[in-house]
1. With an 8 Å cut-off on Cα pairs and a minimum separation of 6 or more residues, tell me the relative contact order of the chain in percent.
2. Computed from these coordinates, which is semi-axes √(5λ) of the Cα gyration tensor in Å: [x] 26, 13, 12; [y] 20, 12, 11; [z] 24, 16, 9?
3. Once both axes come from the Cα atoms, what is the angle between helix 44-60 and the longest principal axis of the chain, in degrees from 0 to 90, rounded to 10?
Amino acid sequence: MITLHRLNGDEMTLNADLILTIEATPDTHIIMMDRRQLLVLESVEEVIDAAIEYRRLVATGGHLAAAAPLTT
């Protein structure tokens, strides 16, 4: 999941795996796999960098290190 900001500054968390396209029009326009459209403050490059970092974190298991251990 990546954190982005709507044009009004509100923060939102987005599943980066569901991004279909990102365009600069000049605002950054994200189209999701279900065809929902989002406008965000971050640049195209910032969104791509956040998605790459998220995938890197998932691939290395880094997202699990912060999770609390399960107890039974």
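1. 26
2. Working out semi-axes √(5λ) of the Cα gyration tensor in Å from the coordinates points to [x].
3. Rounded to the nearest ten degrees, it is 20.
Read-outs: derived from the displayed coordinates by stated rules, not from any lab. It should be emphasised that the depicted structure is a prediction, and the values quoted were computed from it without experimental measurement.
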